[in-house]
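Asker: Pasting in a structure now, in structure tokens, and then I'll have a few things to ask.
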């Protein structure tokens, strides 16, 4: 090996890195239509839900790809928009940092949101923790779901669609659990 390679290789790396294009982030845009749920029916006894905070607690916060790097923007607006679909289940939804009297007040944490490919399918997985402070203490519930779609074009937006399938399933799981919180909140209010 020639000594010049010890000089040229690091220099070449520095030059290529300096001229690298900025990474384009895939926007996480919520789509309520990306769902396998046939029909959403309002739940009897639904009460007000207040989201006090929504935070990103994922280990890897720079993207959504497990198989390949897919840089993405912040997920909090995406999760907030998905939680707003609880209105379709009959829950009045608010976002306030301070507790709302008579409402189920929740702190929501996104713990997982990633995608991967199997054959011709793009799969997405979303996991959320919802923490509520009640008279008998703090309760934390975990919700997790996966969504899948056909890989039609290989576009990065299809990865976001797979995540939308997953997050819509998570919201569908949350609705009956929140209804139980409503019943305990009404009992505590008496």
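Asker: If I ask for residues that are over 12 Å from residue 30 (Cα atoms) and either under 12 Å from the mean Cα position of the chain (by Cα) or surrounded by fewer than 18 Cβ atoms within 10 Å (Cβ to Cβ) (or both), which ones from the range 159-174 would you list?
Answerer: Across the range 159-174, the qualifying residues are 169, 170, 171, 173.
Results for (1) more than 22 Å from residue 124 (Cα to Cα); (2) in contact (Cβ under 8 Å) with a residue 24 or more places away in the chain; (3) not in a loop (DSSP other than H, G, I, E, B), shown as yes or no for each residue.
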site	(1), (2), (3)
32	no, yes, no
36	no, yes, no
51	yes, yes, yes
61	no, no, no
87	yes, no, yes
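Asker: Condition first: surrounded by fewer than 17 Cβ atoms within 10 Å (Cβ to Cβ) and either without any contact (Cβ under 8 Å) to a residue 12 or more places away in the chain or assigned to a strand (DSSP E or B) (or both). Now tell me which residues in the range 120-145 satisfy that.
Answerer: Residues satisfying the conditions are 121, 131, 133, 134, 136, 137, 138, 139, 140, 141, 142, 144.
Asker: Scan the range 69-85 for residues that are crowded, with 16+ Cβ neighbours inside 10 Å and either in a loop (DSSP other than H, G, I, E, B) or at positive phi (or both) and report the count.
Answerer: 2
Asker: Does the range 40-59 contain at least one residue that is modelled with pLDDT under 90 and in contact with a strand residue (DSSP E or B) (Cβ under 8 Å, 6 or more places away or on another chain)?
Answerer: no
Listed here are the residues, each with its yes/no results for (1) touching a strand residue (DSSP E or B) at 6+ places or on another chain (Cβ under 7 Å); (2) on the phi > 0 side of the Ramachandran plot; (3) modelled with pLDDT of 90 or more.
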{"position": "137", "(1), (2), (3)": "no, yes, no"}
{"position": "142", "(1), (2), (3)": "yes, no, yes"}
{"position": "146", "(1), (2), (3)": "yes, no, yes"}
{"position": "163", "(1), (2), (3)": "yes, no, yes"}
{"position": "169", "(1), (2), (3)": "yes, no, yes"}
{"position": "183", "(1), (2), (3)": "no, no, no"}
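Asker: Quick one: residue 77 ticks every box in (1) touching a residue at least 60 places away in the same chain (Cβ under 8 Å); (2) within 19 Å of the chain's Cα centre (by Cα) bar one, so which box is it?
Answerer: (1)
Asker: Within the range 98-119, restricting attention to residues that are out of contact with any strand residue (DSSP E or B) (no Cβ under 6 Å at 6 or more places or on another chain) and assigned to a loop (DSSP other than H, G, I, E, B), which residue is surrounded by the most Cβ atoms within 10 Å (Cβ to Cβ)?
Answerer: 102
The values are calculated or read from the model by the stated rules, or taken from the named source; none is laboratory data. Just so it is clear, the structure is predicted and the values come from calculations on it, not from any experiment. Cβ coordinates were reconstructed from backbone atoms using ideal geometry, including for glycine residues, and neighbour counts include every protein chain displayed.
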